[in-house]
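Contents: one structure, followed by commentary.
The values are calculated or read from the model by the stated rules, or taken from the named source; none is laboratory data. Source: prediction; values computed, not measured. Cβ: placed from backbone, ideal geometry, glycine included. Neighbour counts: every protein chain shown. Accessible surface areas use protein heavy atoms only, side chains included; no ligands, DNA or RNA. Shrake-Rupley method; radii C 1.70, N 1.55, O 1.52, S 1.80 Å.
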Amino acid sequence: MSITNEHELAGMQKVSEAVAYTLKEMINYAQPGMTTKEIDEYGAKILSDFGAKSAPYLTYGFPGWTCISVDNEFCHGIPTDQRILKEGDLINIDVSAELNGYWADNGGSFVIGKDINSHQKLVDASKDILQKAINSIKGGVKIADIGFLMETEAKKRGFKVIKNLAGHGVGKSLHEQPDELFNYKNRFDSRRFKKNSVVAIETFISTSSNLAVELNDGWTMVGNKGGYMAQHEHTIVVTDGKPIILTQMNEILN
């Protein structure tokens, strides 16, 4: 969507606050020994207190309120009673929701407890790359140039990017134009970011894989060559200068 008035901005701020606060609280709540379902239900309660509805459930009938992916799961992990978190696990939580006709999306990867499996370097790379990308986005900037920046920064740190996952426009629904905000330079993409547009900008930084493939459950995605992936995501409004980070409250880049 494109923000055309104060009312629309306020609507986007409200739903973005709901998803950002929910994500932050879920990350703080997660402990070794908990199941992913417990964490999902905790998040669902917070969303509900805001009056917000789970976007993946509303849009796709996803079997959970949020996506929680653990270790070799890259994204769209289904929360279950069977998945028990362990010290040092790499976790990704993605929270998106609808509130009063507005939609926002955010996510973050983190290490649970002590970093005994040395995932923190990957997590920090993903955070740093998202920060650099956001700092470089303004009206008129080529979408492909931000993808180039993300891949270049990943390679510098010895990592790869996932080429079939992407950020996207958001606002009046979960996925809107501009779609396919890739983490690499698509040389056929001449589009530019438009001032006042709302986008969910996200990283997909991996250790070994360059594609995500779907498991038999029809949702969970893993790497085509295994390994691990970190994702961080903010919903932003593009401006003439620094973007407005609507989901700033999630503190994922701290």
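Scanning the stretch 240-248 turns up one or more residues that are out of contact with any helix residue (DSSP H, G or I) (no Cβ under 6 Å at 6 or more places or on another chain), of a type outside the set (Lys, Arg) and without any contact (Cβ under 8 Å) to a residue 24 or more places away in the chain.
Checking the structure you have, find out if any residue of the stretch 65-84 is modelled with pLDDT of 95 or more, within 17 Å of the chain's Cα centre (by Cα) and basic (Lys, Arg). Please lay out each step first, then the result.
Initial filter on the stretch 65-84 (modelled with pLDDT of 95 or more): 65-84.
Then drop every residue that is not within 17 Å of the chain's Cα centre (by Cα), which leaves 65-79.
Narrowing the set further to residues that are basic (Lys, Arg) leaves none.
Among the residues of the stretch 65-84, not one is modelled with pLDDT of 95 or more, within 17 Å of the chain's Cα centre (by Cα) and basic (Lys, Arg), which makes the answer no.
Scanning the stretch 179-197 for residues being open to solvent by 30 Å² or more (accessible area, probe 1.4 Å) and within 18 Å of the chain's Cα centre (by Cα) gives a total of 4. Considering the conditions (1) more than 18 Å from the chain's Cα centre (by Cα); (2) under 15 Å from Ala200 (Cβ atoms), Asp145 is excluded by exactly one of them, (2). Met249 meets each of the listed conditions (1) crowded, with 21+ Cβ neighbours inside 10 Å; (2) outside any loop (DSSP other than H, G, I, E, B) apart from (1). Taking first residues from the stretch 156-170 that are open to solvent by less than 10 Å² (accessible area, probe 1.4 Å) and partners that are part of a helix (DSSP H, G or I), the Cβ contacts under 7 Å between residues at least 6 apart in sequence or on separate chains come to Val161/Met150; Val161/Glu151; Val161/Ala154.
Can you tell me how many residues in the stretch 133-150 are more than 16 Å from Asn196 (Cα to Cα) and open to solvent by less than 30 Å² (accessible area, probe 1.4 Å)?
Our first condition is that a residue be more than 16 Å from Asn196 (Cα to Cα); within the stretch 133-150, this holds for 133, 144-150.
Within this subset, residues satisfying the condition of being open to solvent by less than 30 Å² (accessible area, probe 1.4 Å) are 133, 144, 146-147, 150.
Number satisfying all stated conditions: 5.
Answer yes or no: is there a residue in the stretch 208-227 that is modelled with pLDDT of 95 or more, touching a helix residue (DSSP H, G or I) at 6+ places or on another chain (Cβ under 8 Å) and assigned to a loop (DSSP other than H, G, I, E, B). Taking every residue of the stretch 208-227 in turn, none turns out to be modelled with pLDDT of 95 or more, touching a helix residue (DSSP H, G or I) at 6+ places or on another chain (Cβ under 8 Å) and assigned to a loop (DSSP other than H, G, I, E, B).
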